[in-house]
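Laboratory data are not the source of any read-out in this text; all were calculated from the coordinates shown. Worth saying up front: this structure is predicted, and the values here are computed from it rather than measured. Cβ placement follows ideal geometry from the backbone for every residue including glycine, while neighbour counts extend to all protein chains displayed.
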Amino acid sequence: MPVFLYNTMSRSLEAFEPLHDKEVGLYSCGPTVYNYAHIGNLRTFLFEDLLKRTLLISGFKVNHVMNITDVGHLTGDGDEGEDKIEKMANQSHKSVWDIAQFYTDAFFRDYDDLHMIRPNVVCKATDHIQQMIDLIKRLEEKGHTYVSGGNVYFSIDSIPDYGKLARLDLDSLKTAVRDDVSSDDNKKNPKDFVLWFTKSKHGEQAMMWDSPWGKGFPGWHIECSAMSMHYLGESFDIHCGGIDAIPVHHTNEIAQSEAATGKPWVKYWMHGEFLLDETGKMSKSKGEFLTLDLLKRKGYDAMDYRYYCLGGHYRSQLKFSFEALDTARKARKNVQDRIQSLLREGAKKVPLTSEKALQYQATFLEHVQHDLGSPRGLADLWGVLKDEALDCDERYTLIMFFDQVFGLGFASVELPEREDFPSEALALLEKRLQAKKEKNWQLADRLRSELDAMGYRVKDTPTGSSLEKKM
RNA sequence: GGUGCCAUACCCAAGUGGUAAGGGAAAGGUCUGCAAAACCUUUAUACAUCGGUUCGAAUCCGAUUGGCACCUCCA
């Protein structure tokens, strides 16, 4: 069963075939480390993790490279722009290196919390300045560049197919439509973009390097081209990122990469849709800055957010709300409760042999291999949890198999231990049991509400009473 | 102005031309001293509207209405 993926380049579903049999070169656009990631940023990384896990379970070997943008990502265009990290450093009176390190660390804490499998290579832009300079030199030799106003520009008119990924109609595009972006008069074509800056209105920066064009710093797009080719070769399989990267960032990456090598660069382009909030696109400046840390402070688990994201397809916009997150939390908890009751029955992993179990496995794979159909996969999970034709071991085994794709940590679900509860709560529970025996319902009910006030729910079963921490 | 996407039950949300997944919520029932939990059952003659193609459309085409994103900060 092949894996079908939606390729932005062809705007259609394609059977996935890597360039080199079962080895996949995967490059994902990493974070710009000037601030915390918000949960919308994280959704894109979760999509990429889902992609990687789906490829892994389908028998591919994945070589995953992700960049860290720690220089060159400007707040605006041309020499108007200010480096995002430099700006943050100035505001907080820290060095740019400290800022980059701080937010890189914060990013990977979220990454780990969300059970995302770390990339094989994480590369920082500032460690690959030489590769970028070399790439710009190649472009220069082939006549794709010009120097104007002190900066090196890529000339989009030097290639025949600029904008093919986004299907841009160059004649009808407006430039600088947004109020906060002004056009750059140094450009021959307003769509040209900077490869190397030596001039910035904001003057000397902390991050500057010598180059054949003078002391300066790289443009934003060049880092992904230089590093991806450095680690994955001049042609590789999959490049992914957020949907916003299509018209500019990825368009420019393709232009400069293919102009430099003369070869097709990336075989499959994949893009994750946005997570929206009530106001529309999620932002770091307006409204509540929704970080994973904030969700955790509000009492959610990182896995609640992961479950929430899996419930929607990666190519659909998802409108975030705490109500929706509550739903995901409840659903995930219900899954865990069911796993616990399987464990109570002594569930263990076994080889799957029954026709029914194998059918579930095949159906699940078909769903996730169909352009990462995680919502269908979750429905399959519920099917397994509820299907009494499966025995306890089969169900447990299937759940563990599915979780290789979900990454929801179901393998670490264990039976709750009584010791998890404070002794005073257990003492109250014991007293209530006694009161019940004596048919002292008043006392029993009072003890139950006391426990409730402490945050514990009493569950009476035929075999006795137990506690459960309320959410 | 250009480009792309979306409108499915109370809410979230899948749907790959063949007769509407799943979750949450709610209601009824079983159980219970009463609750809670658990378990069972129920909840879309139909997928924004109007046309068209087809034996057959939520799925394809066109128009209309409403919403969103992008067009050099952006995941």
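Taking the centroid of alpha carbons for each part, the range A:3-52 and the range A:93-154 are 18 Å apart.
Backbone geometry of the range A:26-40 corresponds, through the Karplus equation with coefficients 6.51, -1.76 and 1.60 at θ = phi - 60°, to 3J(HN,Hα) couplings of 10, 10, 10, 5, x, x, 8, 8, 10, 6, 5, 7, 8, 5, x Hz, x marking Gly and Pro. Under 5 Å from the amide H of A:Y27 lie the amide H atoms of A:V65, A:I238, A:H239, A:C240, each residue being 5 or more positions distant or on a separate chain, with H modelled from the backbone and absent for Pro and chain starts. Take each peptide in A:447-453, A:394-400, count the other Cβ atoms within 10 Å of every residue, and average; sorted highest first, the result is A:394-400, A:447-453.
Between the helical axis of A:423-437 and the longest alpha-carbon principal axis of chain A there is an angle of about 40 degrees. Each residue of the range A:220-237 was assigned a 3J(HN,Hα) from its phi angle through the Karplus expression (A = 6.51, B = -1.76, C = 1.60, θ = phi - 60°), giving 5, 5, 5, 5, 5, 5, 5, 6, 5, 6, 4, 9, 10, x, 6, 10, 8, 7 Hz with x at Gly and Pro. When each of the peptides A:34-44, A:216-226, A:121-131, A:85-95 is scored by how many other beta carbons lie within 10 Å of its residues on average, the order from highest to lowest is A:216-226, A:34-44, A:121-131, A:85-95. The distance separating the Cα centre of the range A:395-440 from that of the range A:256-283 comes to 44 Å. By the gyration tensor of its Cα atoms, with a ≥ b ≥ c the square roots of the eigenvalues, what is the shape of the range A:43-154: rounded for a/c under 1.5, prolate for a/b over b/c, or oblate? Here the range A:43-154 falls in the oblate category. Evaluating 6.51 cos²θ - 1.76 cosθ + 1.60 at θ = phi - 60° for every residue in the range A:388-394, the Karplus couplings come out as 7, 6, 8, 7, 4, 5, 4 Hz, glycine and proline recorded as x. Report summary: the helix-based calculation at 222 nm, which adds -39500 (n - 2.57) for every DSSP H run with n ≥ 4 and divides by the residues of chain A, gives -13000 deg cm²/dmol. Pairs A:K188/A:K281; A:K333/A:K459; A:K188/A:K284; A:K87/A:K296; A:K52/A:K142: which exceed 26 Å Cα-Cα? Over 26 Å apart, Cα to Cα: A:K188/A:K281; A:K188/A:K284; A:K87/A:K296; A:K52/A:K142.
Go through A:233-243, A:2-12 and give me the packing order, highest mean Cβ count within 10 Å leading.
Ranked from most to least packed, the peptides come out as A:233-243, A:2-12.
Please work out whether chain A counts as rounded, prolate or oblate from its C-alpha gyration tensor, where a ≥ b ≥ c are the square roots of the eigenvalues and a/c under 1.5 means rounded, while otherwise a/b larger than b/c means prolate and anything else oblate? Prolate, because a/c is 1.5 or more and a/b exceeds b/c. So what's the angle, to the nearest 10 degrees on a 0 to 90 scale, between helix A:374-386 and the longest Cα principal axis of chain A? Between helix and principal axis, roughly 10 degrees. For chain A, the antiparallel share of DSSP beta bridges with both residues in that region comes to about 50%. The angle between the Cα long axis of helix A:322-344 and the main principal axis of chain A comes to about 50°, on a 0 to 90 degree scale.
Below 8 Å, C-alpha to C-alpha, sequence gap of six or more: please give me the relative contact order for chain A in percent.
Over chain A, the number comes to 17 percent.
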